[in-house]
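Comments concern the structure below.
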Amino acid sequence: MADWSKLKSRGNVEDRRGMNPSVIGGGFGLVGIVIVLVFNLLSGNDPTTSILNSLNQLQGSTTVQSQGAQPSQFAGADQYETFASEVLGSNNDLWKKVLTENGKTYQPPKLVLFRTATQSGCGGATSAAGPHYCPRDSTVYLDETFFDELRTKFGAKGGDVAEAYVISHEVGHHVQNQLGVMQKLQSQNDPAVSVKVELQADCYAGVWSKSVASAGVIKPGEINEAVDAAAAVGDDRIQQKVEGQINSETWTHGSSKQRVQWFNTGYDSGSPAQCNTFK
Ligand SMILES: [Zn+2]
């Protein structure tokens, strides 16, 4: 376990877990493609759709209402909420510093914890899509039971540092959104661009990991949890498991080797300037 209590900053986490989602049908139709950046799709669908469209189950009926009081197990700031808030807060500290140094203003993102489905600025957010970032409302959506799936179905070792890596990868997408990289993705609907966007988010997560390792939060050796998770969600690894074959033309996130390589580039250098995957 990393010593997260050393992190003093807190991020904006909204806890919607346990609130019954209900889909209001027949809503406004979505026009065009809504860009949603998913961590990687684990449900075995065609991976080419994973980055662009996590609204698969809910498209066309895009309003989800969360109803009812929250069950007591999620009441107050429970352990997971605190952990997510610490990871988000330390990301905010890092990226605020980096963007300020580059003459830009950093607006912190929000993180919503939910179960099953919830409303997002991009439509309906579902657990099936895995952790993801919606640029329209600058919010990370996370159902942390995803990490159980990562262990049981995809053989990742898991651990708190692995989970922090995933959250930081999503914050990496928020940084890209603030820097205008998202527009690049939108204007070029092309898997090669998608892979570059994803690998850069991995590299940014590596830069964050370095910042907390330097602060003594992550102990030497614990970083291997994040490296293991990055390898577990490589497109080749997932395709081999889900489809029994590998087709690099449909990759959206990069191979296990690429994801580990770019995470390590960020971690080893501690410098976002080294995360230029668009070369
Ligand atoms: Zn991503």
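Within the chain, no Cys is without another Cys Cβ under 4.7 Å of its Cβ, so every one has a disulfide-compatible partner by this rule. When a/c reaches 1.5 or more, the comparison of a/b and b/c decides; with that in mind, is the chain rounded, prolate or oblate per its Cα gyration tensor? It comes out rounded by the Cα gyration axes. Pair-distance distribution P(r) for the stretch 167-254, from all Cα-Cα distances in 10 Å bins starting at 0: 16, 40, 32, 12, 0 percent. When the C-alpha to C-alpha distance is required to be over 25 Å, the pairs from Lys110/Lys184; Lys153/Lys279; Lys210/Lys241; Lys97/Lys257; Lys96/Lys184; Lys196/Lys241 that qualify are Lys153/Lys279; Lys210/Lys241; Lys97/Lys257. Accessible surface for the chain, divided over its residues, is 41 Å² per residue with a 1.4 Å probe. The protection proxy used here, the mean number of other Cβ atoms lying within 10 Å of each residue, ranks peptides 74-81, 223-230 as follows, highest first: 223-230, 74-81. Helices in the chain, meaning DSSP H runs of at least 4 residues, each add -39500 (n - 2.57). Divided by all residues, the mean residue ellipticity at 222 nm is -13000 deg cm²/dmol.
Would you mind getting me the FRET efficiency between Ala273 and Asp148? Use the beta-carbon distance for r and R0 = 51 Å, nearest 0.05. Taking R0 as 51 Å, the efficiency between Ala273 and Asp148 is 0.90. Of all aspartates and glutamates in the structure, the ones whose alpha carbon falls short of 17 Å from that of Lys104, not counting any fewer than 8 places away in one chain, are Asp93. Over the stretch 4-275, Cα pairs under 8 Å with separation of 6+ residues give a relative contact order of 20 percent. Radius of gyration over Kirkwood radius for the stretch 131-212, both on Cα atoms: the Rg/Rh ratio is 0.99.
Charge tally for Lys157 (other residues, Cβ to Cβ under 9 Å; Lys, Arg +1; Asp, Glu -1): -1.
Subtracting the Cα-Cα distance of Ala75 and Asn102 from their residue separation scaled by 0.36 nm leaves 5.7 nm.
Peptides 93-104, 169-180 ordered by packing proxy, namely the average of other Cβ atoms within 10 Å per residue, highest first: 169-180, 93-104.
The values are calculated or read from the model by the stated rules, or taken from the named source; none is laboratory data. Predicted model only: the values in this text are computed from it and were never measured. With ideal geometry, Cβ positions are generated from the backbone for all residues, glycine too; neighbour counts draw on all protein chains shown. All accessible areas refer to the heavy atoms of the entire protein, side chains included, with ligands and DNA or RNA removed. Shrake-Rupley method; radii C 1.70, N 1.55, O 1.52, S 1.80 Å.
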